[in-house]
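The values are calculated or read from the model by the stated rules, or taken from the named source; none is laboratory data. On a predicted model such as this, the values are computed, not experimentally measured, just so you know. Cβ placement follows ideal geometry from the backbone for every residue including glycine, while neighbour counts extend to all protein chains displayed.
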Amino acid sequence: MDVGNRDANGSFPERVLKCCMRNGYLYVMANNKKGIYKINTANSSDVTLIPLGFTSKWKPLCETGTCEVYMTLIGDLIVGGDFQVTANDAIIRAQGSSQLNDAATPLFQYKNFLLGWGGSYGTEYRTMYLLTPYLATINNLSSAVVKTVDKTMKITYTLTQE
């Protein structure tokens, strides 16, 4: 499986990105689409296959066009078309639908925003997505309350039989 390609020979330049870097490791889909290879870029003998537990449809995160992104990193989470890879390399299966607007670059995070660039058949796109980790907005506060572990509501239920 290739990690991506770039074709500048056609009338519309094409860019396809099929891999992702996280903490010095390159994540690449296996040829059979049933796992992801985690390759240490500092030690080529350190290669691990992370099984997906299903066969991926391996579709891009955006509508198909002249630019396609198949995996991107958001914080510590790798997001693919129908899967996510958590920080501890656990696989979460996802529904699998177009999630980005004709992306050609990975998403770059700046504060609570994700920025991306792309295009399709001559149309250029600059996109910005808002990350929303907000627990609530209270009217008398100057800013929203950001959801963290210590601000999560815990409810305990006690079941009794009558």
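Couple of notes before you dig in:
- Complete set of residues in the range 6-47 that are free of Cβ contacts under 8 Å to residues at least 24 places away in the same chain and among the β-branched types (Val, Ile, Thr): Ile39, Thr41, Val47
- When restricted to residues that are surrounded by 12 or more Cβ atoms within 10 Å (Cβ to Cβ) and either at pLDDT 75 or above or among the aliphatic types (A, V, I, L, M) (or both), the range 103-145 contains 21.
- Condition met for Arg15 (at pLDDT below 95, surrounded by 14 or more Cβ atoms within 10 Å (Cβ to Cβ) and in a strand (DSSP E or B)): yes
- Considered as a group, the residues in the range 50-71 that are over 15 Å from Asp7 (Cβ atoms) and among the small types (Gly, Ala, Ser) include one that is surrounded by the most Cβ atoms within 10 Å (Cβ to Cβ), and that residue is Ser56.
- Test for Ile39: is it at pLDDT 90 or above, over 17 Å from the mean Cα position of the chain (by Cα), surrounded by 12 or more Cβ atoms within 10 Å (Cβ to Cβ) and among the aliphatic types (A, V, I, L, M): yes
- Of everything in the range 72-123 that is assigned to a strand (DSSP E or B) and β-branched (Val, Ile, Thr), the residue that is nearest to Glu14 (Cα to Cα) is Thr123.
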